[in-house]
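**Q** Let me begin by handing over the structure; questions about it come next.
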Amino acid sequence: MNDADAEQRRSPLSGDRPLPTIRPGKRLDPTAALDLISIGARLLFENGQTTERMVAASEQLAEALGARATLFPRWGELVLRIEDDAGSRYEIVAAEPAGMDMNKVTATMAAIDKVCDGRMDAAQVRSALEAITRFPPVSIARFALFAAAGAAALGVIFGAAHLLSLVLIAFSAGAGACLRRWLAGMSRNLFVQPFCAALLAGVVGAIAVRLQLSSVLRLVAVCPCMVLVPGPHFLNGMIDLARARITLGAARITYAILITAMICAGLLLGLALGGVSLPASGPSHSAPLGYDIIAAGIAVAAYGTFFAMPWRMLPIPILIGMLAHASRWEAISVAGASAETGALVACLVVGVIITPIADRMRLPFAGLAFASVVSLIPGVFLFRMASGMVDLVALGTKAPQELFVQVVADGTTAILIILAMSFGLIFPKMWIQNLTRSVSNKKGGP
């Protein structure tokens, strides 16, 4: 069978066809190999592994199964082509890279490594991969607890000094986490959960102001929304663009932007229901270095939980995140650098440290890196910009010039911080990987 006669079919990832055991000198049936590679590729693609690592792991698995594989990833599907001496076959697998589950990625990469090393046959890897697809998410108690702790930690970082304000932030974020889990069982829509959680945060913030429970509306309403920002998807999209995977990279970034827009819409609507609005500008107070570093570590632990990172691996990003935030604090508070430069310095530190660790531990780079720098996300600027834009529309020609200037300043600051974070994380990753590849090629040469 040649390419013109290739069989093209759309099938589920886990079929009922039994797979023969790989024996020395005997190749796996191409159809069975196609199914196995499809399961592994989809697990990696849907749970946050970078596109390059997903493609490389799938090709290695195919080689171990006695075939050659080529993947064409797009948002919504994976096109897989298998070639052997008899010809080629195609399979189109429905897959959306909208999740982030480090536990599944780590387990899938471990299973593929065992096949490549000859420690697992086809039947065993089939069973292992299907078991990975059934891994449960983190418990609702852990999810809600760490969401509350992470949001409160971000409140400390951005200047919330009163205990009642932190309690309100934690309550809002924890309730939002429970709401997200409930909605996950009710709807498969990707935008319902962040919108409703942000709506709840806005309502809680408005009630706090109405009842005069807290004067820091900006932080009570915003911090629970900051834990919803889809940083890994934006980072994976930037990596794809840097690798010239334009279509997939643009799709990932568009998805991240849409999620952020839904968060802004939910937050502002929740505040409007309570008859209050988010200030377009507001003071920002830095926490002392000790509090700042501890709070950053708690925020990293929260995001590690969101991404289903195993407990044993959680101390790694926590320590790196604390080091990164200390670097940012020193750059801003001691050297007098801007927020954008501070984010760049911190992310360069994280990128240099995280790249070899992610490769060594077979973890998705975007999830691990973003968890380490979550406290740097410019959520406050984004939400202030959105609120200011709403005020501009409402006031029309009566809007003061200062409001317009503040909206532009907030939006520009947010964009520059995001770009600085992306460059700081991606440049070390690509440089280190290219250097490692060059060294390996020289060692393997004559």
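The values are calculated or read from the model by the stated rules, or taken from the named source; none is laboratory data. What you see is a predicted model; the values in this text were computed from it and never measured. Ideal geometry is used to build each Cβ from the backbone, glycine not excepted, and the neighbour counts take in all protein chains shown. What goes into the accessible areas is simple: the full protein's heavy atoms, side chains included, and nothing from ligands, DNA or RNA. Shrake-Rupley method; radii C 1.70, N 1.55, O 1.52, S 1.80 Å.
**Q** Once R0 is set to 51 Å, what does the formula 1/(1 + (r/R0)^6) return for the Cβ-Cβ distance between Ala335 and Thr31, expressed as a FRET efficiency to the nearest 0.05?
**A** 0.25
**Q** Let me ask another. How high is the FRET efficiency between Ile92 and Phe135 when r is their beta carbon distance and R₀ equals 22 Å, given to the nearest 0.05?
**A** Working from the Cβ atoms, E equals 0.35.
**Q** Under a Cβ-only charge scheme (Lys and Arg +1, Asp and Glu -1), can you give me the dipole magnitude of the chain about the Cα centre, in debye to the nearest 20? Mind dumping the intermediate values first?
**A** On the way: 36 positive and 29 negative charges, 103 e Å.
The dipole magnitude comes to about 500 debye.
**Q** So for the pair Glu52, Ala184, with labels modelled 7 Å out along Cα→Cβ, what separation do we get in nm?
**A** 3.0
**Q** Do you know the relative contact order of the chain, to the nearest whole percent, from alpha carbon pairs under 8 angstrom that are 6+ apart?
**A** 15
**Q** Taking amide H atoms as placed 1.01 Å from N in the peptide plane, list the residues 5 or more away in sequence, or in a different chain, whose amide H sits under 5 Å from that of Glu77.
**A** HN-HN under 5 Å from Glu77: Ala95.
**Q** Once the piece of chain linking Val408 and Val79 is laid out straight, how much longer is it, given 0.36 nm per residue of separation minus the C-alpha distance between them?
**A** Numbers: separation 329, 0.36 × 329 = 118.44 nm, distance 4.19 nm.
Value of the extension gain: 114.2 nm.
**Q** Two-decimal Rg/Rh of the chain from alpha-carbon positions, Kirkwood Rh?
**A** 1.02
**Q** Under 1.5 on a/c is rounded, so check that first for the range 94-193, then, if it is not, pick prolate when a/b is larger than b/c and oblate when it is not; a ≥ b ≥ c are the square roots of the alpha carbon gyration tensor eigenvalues.
**A** Because a/c hits 1.5 or more and a/b exceeds b/c, the range 94-193 counts as prolate.
**Q** Next question. Of Ile263, Leu319, Met102, which is farthest on the positive side of the dipole of the chain, counting Cα position, with +1 on Lys and Arg Cβ, -1 on Asp and Glu Cβ, and the Cα centre as origin?
**A** About the Cα centre, the residue reaching furthest to the positive side is Leu319.
**Q** Using only Cα atoms, tell me the angle between helix 339-361 and the longest principal axis of the chain; keep it within 0 to 90° and round to the nearest 10.
**A** Taking the Cα atoms of the chain, the angle to 339-361 is about 30 degrees.
**Q** Keeping the other protein chains in place, figure out the carbon and sulfur percent of the accessible area of the range 133-242, with a 1.4 Å probe.
**A** Exposed carbon and sulfur together represent 70 percent of the surface.
**Q** What are the ³J(HN,Hα) values, in whole Hz, obtained from phi via the Karplus relation 6.51 cos²θ - 1.76 cosθ + 1.60 with θ = phi - 60°, for each residue of the range 303-320 in sequence order, with x given for Gly and Pro?
**A** For the range 303-320, the Karplus-derived couplings read 5, x, 5, 4, 8, 6, 6, x, 3, 5, 8, 4, x, 5, x, 4, 5, 5 Hz, x marking Gly and Pro.
**Q** Continuing with this model, one more query. Please calculate how many Å² of accessible area the chain carries per residue, with a 1.4 Å probe and no DNA, RNA or ligand atoms counted.
**A** On the way: 19530 Å² over 446 residues.
Here the per-residue accessible area is 44 Å².
**Q** Could you tell me whether the range 210-267 comes out rounded, prolate or oblate from its Cα gyration tensor? Rule is a ≥ b ≥ c as square roots of the eigenvalues, rounded for a/c under 1.5, then prolate if a/b exceeds b/c, otherwise oblate.
**A** The shape class here is prolate.
**Q** Report the gain in length on full extension from Lys114 to Val192: 0.36 nm times residue separation, minus Cα-Cα distance, nm rounded to one decimal.
**A** Working: separation 78, 0.36 × 78 = 28.08 nm, distance 3.88 nm.
That works out to 24.2 nm of additional length.
**Q** So what's the angle, to the nearest 10 degrees on a 0 to 90 scale, between helix 401-444 and the longest Cα principal axis of the chain?
**A** With rounding to tens, the tilt is 30 degrees.
**Q** What is the diffusion coefficient of the range 375-430 in µm²/s, taking the Kirkwood radius over Cα pairs and the Stokes-Einstein relation at 4 °C with a viscosity of 1.567 mPa s?
**A** Numbers: Rh = 12.4 Å.
The calculation lands on 105 µm²/s.
**Q** Please list 3J(HN,Hα) in residue order for the range 36-42, calculated via the Karplus relation 6.51 cos²θ - 1.76 cosθ + 1.60 where θ = phi - 60°; whole Hz, with x for glycine and proline.
**A** My calculation for the range 36-42 gives 4, 5, 4, 4, x, 5, 5 Hz in order.
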